[in-house]
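Visitor: Let me give you the structure first, and then I'll get to my questions.
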Amino acid sequence: MTDPAAGPGPQAVADAVLAHPSVLRLDGGPFGSIASYLPGHRVQGVRLADPVEIAVVLRLGSPFAVVADEVADRVRAVLGDDTLAVDVTVADVGAGGAPGGSVAP
């Protein structure tokens, strides 16, 4: 699907998703299966496959479907493909602090 050497990779996608004001953090799912593995670390909550999979914990306040669509649009913009299939899973919600910050599970 996406060749890391050919363009933006999982970390760029994660950064774009975390910049959304309603996203508290990325989530790897119950078994940590939504992740990308890079030399020396793992990017949890982002799997570049077909479709691209994103799992997030959202801040309460905005409609989840709207935020999921906005997150998918950010992913498509980073990867440079407006037709890319992106599945966004809302793994949890919280009242959380600052945008992009983390909350206790």
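Visitor: Of all alpha-carbon pairs in the range 4-94, indicate the percentage at a distance above 22 angstrom.
Guide: Values: 756 of 4095 pairs.
The proportion of pairs with Cα distances above 22 Å equals 18 percent.
Visitor: Rank by packing, highest mean first: peptides 8-15, 58-65, with packing defined as the count of other Cβ atoms within 10 Å averaged across residues. Write down the numbers at each step before the final one.
Guide: Working: 8-15: 18.6, 58-65: 14.1.
The packing order, highest mean first, is 8-15, 58-65.
Visitor: Could you please report the charge total around Ala95, scoring K, R as +1 and D, E as -1 over all other residues with beta-carbon less than 14 angstrom from its beta-carbon? Mind showing how you got there, number by number?
Guide: On the way: positive: Arg25, Arg59; negative: Asp92.
Overall, the nearby charge balance is +1.
Bear in mind these aren't lab numbers, they're just calculated from the coordinates by the rules spelled out. None of these values were measured; they are calculated from a predicted model. When we count neighbours, we look across all protein chains shown, and the Cβ atoms used for this are built from the backbone with ideal geometry, even at glycine.
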